[in-house]
1. Would you list, by chain and number, the aspartates and glutamates whose Cα falls below 16 Å from the Cα of Lys27, excluding same-chain residues fewer than 8 positions away?
2. Can you give the relative contact order of segment 44-91 as a percent, counting alpha carbon pairs under 8 Å and 6+ residues apart?
3. Using 21 Å as the Cα-Cα cut-off, could you pick out the over-long pairs in Lys17/Lys46; Lys22/Lys43; Lys17/Lys67?
4. Let me check I have the definition right: for segment 4-90, take the eigenvalues of the Cα gyration tensor, multiply each by 5, take square roots. What are those semi-axes in whole Å, largest first?
5. For Asn86 and Asn23, calculate 0.36 nm times their separation in residues minus their Cα-Cα distance, and state this gained length in nm to one decimal.
Amino acid sequence: MIKPKLVLSCYKLMDNKWIEEKNSLNKTFVFPDFLGAIAWMQKAAKPIDALDHHPEWTNVYNKVIVKLCTHDAQNTITEKDRTLANLLDSI
């Protein structure tokens, strides 16, 4: 298990913004290494689940690529996506 202090010390967010494209919000989070990326995903999992609005995300080594859209709203961007985007930015 990764300790919370390790999560904070590994976390490094690339200075970028959410991009609206193809009816979704998209952003790539960049970390120092694979463990930092996975630790961030683990830390984000519980608050994401509490919102009951789950992202499409993939991990490639030190990057987490996130795509947000609301499937039950015809795959468009809704307030749920903006709320989740803000939550992910705060982690």
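1. Asp15, Glu56, Asp81, Asp89
2. Across segment 44-91, relative contact order equals 31 percent.
3. From the list (Lys17/Lys46; Lys22/Lys43; Lys17/Lys67), the Cα-Cα distance tops 21 Å for Lys17/Lys46; Lys22/Lys43.
4. Listed largest to smallest, the semi-axes of segment 4-90 are 23, 14, 10 Å.
5. 20.9 nm
Every number here is computed from the coordinates shown, using simple stated rules; none is lab data. Since we're looking at a predicted model, the values are computed, not measured.
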